1. Across the stretch 146-168, what is the number of residues that are open to solvent by less than 70 Å² (accessible area, probe 1.4 Å), among the hydrophobic types (A, V, I, L, M, F, W, C) and not in a strand (DSSP E or B)?
2. Condition (residue is under 20 Å from the mean Cα position of the chain (by Cα), modelled with pLDDT of 95 or more and not acidic (Asp, Glu)) applied to the stretch 312-321: is it met by at least one residue?
3. Working carefully through the options Pro265, Pro249, Pro253, find the one that is in contact with a strand residue (DSSP E or B) (Cβ under 7 Å, 6 or more places away or on another chain) and surrounded by fewer than 17 Cβ atoms within 10 Å (Cβ to Cβ).
4. Looking at Leu258, Leu272, which is the one that is among the aliphatic types (A, V, I, L, M) and exposed (fewer than 15 other Cβ atoms within 10 Å of the Cβ)?
5. If you scan the stretch 6-58, which residues turn out to be among the acidic types (Asp, Glu) and assigned to a strand (DSSP E or B)?
6. Just a yes or no: is a residue in the stretch 239-262 over 12 Å from Val132 (Cβ atoms), of a type in the set (Phe, Trp, Tyr) and outside any loop (DSSP other than H, G, I, E, B)?
7. I'm trying to understand the selection: among the residues of the stretch 275-322, which are exposed (fewer than 14 other Cβ atoms within 10 Å of the Cβ), without any contact (Cβ under 8 Å) to a residue 12 or more places away in the chain and outside any helix (DSSP H, G or I)?
8. Residues in the stretch 108-125 that are in contact (Cβ under 8 Å) with a residue 24 or more places away in the chain and of a type in the set (D, E, K, R): how many?
Amino acid sequence: MTRWGILATGHIAARFAEDLRLVPGAELVAVGSRTAETAERFAERHGAPRAYGSWAELAADADVDVIYVATPHAAHHEAALTCLTAGRPVLVEKPFTLDLATSTELIDTARDAGVFLMEAMWMRCNPLIQRVCQLIADGAIGTLTGVRADFGVAGPFPPEHRMRARALGGGALLDLGVYPISLAHLLLGTPQHVRSWAKLGPEGTDENTGLVFGYDSGAVATLSCGMVGATGLTASITGSTGRIDLPEPFFRPDGFTLYRADTEPETITEELVGSGYQHEAIEVQRCLAEGLTESPLVPHSATLEIMGLLDDIRAQIGVSYI
């Protein structure tokens with residue numbers, strides 16, 4: 001049995017707690033929040049026997065095998081560091097932190113202590129996404145030539161909302177853009193050329209952002225994210241001999257369509273169960289059972305490369321969280 005703790009009590013924490021019920025061998029045993037009252041309410045709602053009014057108390061619980069950090073991303077670094085320094089394995093909600101420097105510190109801390117650490121990029125743990133990757137590796141659509149993906153929501157959000165507030169790491173890029181960027185990185189790796197443009201809001205965070213990644217192979221990724229209009233949330237992966245289309249939402253699809261020359265399109269589907277967070281929990285438990293300190297599905301190198309990309313893009317569009 002893997003005994004889970006959840007640090008934070010918001011919407012994402014609640015969805016993760018619900019999906020944890022779908023994970024064989026998983027048990028939610030403790031919850032930590034900034035106040036005892038919110039922790040107790042969450043624990044009662046989700047059946048956790050222990051509730052703590054501080055992050056440090058949760059991290060000190062020796063009966064917790066792993067902690068899921070579900071705070072808004074501006075607090076990821078502090079929360080994860082609290083858990084790691086207490087020797088607790090950690091699953092950190094995406095984006096990992098606000099920048100490459102703090103992400104590097106977390107990973108160095110985990111490596112030095114020999115403690116498991118993984119970014120909760122649940123898309124990379126999704127079985128259908130993994131199947132897409134395997135088809136591409138097997139040459140189903142030839143040599144990759146392009147990736148297109150978008151993630152836009154309608155809003156509007158008030159100025160103090162985490163999606164807009166600069167001190168909270170607001171803007172579309174870190175909250176939404178990390179998904180298209182992660183898909184492109186998963187399929188094509190780190191681009192050699194990055195061009196970006198954004199419309200900034202009055203808080204100095206990005207409201208609508210467009211990205212073009214160029215690769216020395218000749219492949220191109222065209223990506224967008226925004227919070228000024230709901231986009232299709234779809235993705236398309238093009239190769240020299242075919243294409244794979246991912247429907248809404250591309251980061252948690254219920255299927256995909258494979259197009260190949262001279263053959264009828266093939267649609268592969270899978271029933272959606274829960275919210276989709278169970279797959280990352282299953283991967284964490286597999287890694288812990290095997291004594292791994294990082295996941296091969298969401299390796300530290302990928303997290304750091306993507307955080308470096310996000311830093312570069314923010315520099316191009318003029319966004320700072322200080």
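The values are calculated or read from the model by the stated rules, or taken from the named source; none is laboratory data. These numbers were taken from a predicted model, which means no experiment stands behind them. With ideal geometry, Cβ positions are generated from the backbone for all residues, glycine too; neighbour counts draw on all protein chains shown. What goes into the accessible areas is simple: the full protein's heavy atoms, side chains included, and nothing from ligands, DNA or RNA. Shrake-Rupley method; radii C 1.70, N 1.55, O 1.52, S 1.80 Å.
1. Residues meeting the conditions: 6.
2. yes
3. Of Pro265, Pro249, Pro253, the one residue that is in contact with a strand residue (DSSP E or B) (Cβ under 7 Å, 6 or more places away or on another chain) and surrounded by fewer than 17 Cβ atoms within 10 Å (Cβ to Cβ) is Pro265.
4. Leu272
5. Passing the criteria: only Glu27.
6. For the stretch 239-262, residues over 12 Å from Val132 (Cβ atoms), of a type in the set (Phe, Trp, Tyr) and outside any loop (DSSP other than H, G, I, E, B): present.
7. Glu290, Gly291, Pro296, Ile322
8. Counting residues in the stretch 108-125 that are in contact (Cβ under 8 Å) with a residue 24 or more places away in the chain and of a type in the set (D, E, K, R) gives 3.
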